[in-house]
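The values are calculated or read from the model by the stated rules, or taken from the named source; none is laboratory data. None of these values were measured; they are calculated from a predicted model. Because the Cβ atoms are built from the backbone with ideal geometry, glycine has one as well, and the counts that use them run over all protein chains shown. Just the protein is used for accessible areas: all its heavy atoms, side chains included, with ligands, DNA and RNA removed. Shrake-Rupley method; radii C 1.70, N 1.55, O 1.52, S 1.80 Å.
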Amino acid sequence: MSTRLVAQGIAVAAFVSMLHSGYSAREYLLYSKSVGRQDLSLPIEIVLECLVSLAVMTVALVVGIGKLKPISYEAEMKRYSIDGVFSRPSFQVFNHRGRYLRPLTLFEDRTAYGIPVKCSRHPELNKYILDVVSTIKVELEKVCYRTRAPDTPCHLVDS
């Protein structure tokens with residue numbers, strides 16, 4: 001038998017022993033209350049059973065865990081290629097599923113900063129987006145004015 005299986009068996013036996021010590025403590029306390037004893041401290045046998053079970057279970061789990069994997073960043077990155085690290089599959093899945101959530105006629109293909117993007121053709125949606133952006137710009141200017149040094153201007157990109 002392998003060391004790992006033996007350690008797991010010992011850990012299970014220690015866990016059962018710990019459960020037994022808990023059950024024994026409960027029964028002892030119930031018996032003590034029913035008899036009317038004032039001293040409700042546990043007998044040393046129950047305490048020792050619990051502590052020995054805990055120690056044996058800890059050692060068995062540490063021995064039975066097997067070889068630990070390295071947790072360094074370099075060791076983790078050796079498993080991936082550069083394509084896997086820089087790809088964003090969550091965006092790809094959304095783009096794939098997003099095609100079915102909206103009609104294709106609502107958006108047109110454009111290029112912004114050399115990147116292909118979808119732009120809305122709906123005038124009310126465009127007005128709403130411009131209102132939101134302009135409101136955010138006003139709030140950012142307020143924050144920038146409060147947090148900047150007195151002699152430095154606040155630079156925000158104009159739309």
Quick test for you: out of LEU125, LEU130, pick the one residue that is at pLDDT 80 or above, among the aliphatic types (A, V, I, L, M) and open to solvent by 100 Å² or more (accessible area, probe 1.4 Å). LEU130
On the basis of being more than 30 Å from LEU5 (Cβ to Cβ) and part of a helix (DSSP H, G or I), does LEU54 make the cut? no
Residues in the range 14-60 that are touching a helix residue (DSSP H, G or I) at 6+ places or on another chain (Cβ under 7 Å) and among the β-branched types (Val, Ile, Thr): how many? 2
Just checking, which of VAL93, VAL85, VAL143 is over 30 Å from PHE15 (Cα atoms), hydrophobic (A, V, I, L, M, F, W, C), more than 24 Å from the chain's Cα centre (by Cα) and modelled with pLDDT under 75? VAL143
Can you name every residue in the range 20-79 that is open to solvent by less than 80 Å² (accessible area, probe 1.4 Å) and touching a residue at least 60 places away in the same chain (Cβ under 8 Å)? GLY64, GLY66
When CYS154 is evaluated against the numbered criteria (1) at pLDDT 65 or above; (2) open to solvent by less than 70 Å² (accessible area, probe 1.4 Å); (3) touching a Phe, Trp or Tyr at 6+ places or on another chain (Cβ under 9 Å), which criterion, by number, is the only one it fails? (1)
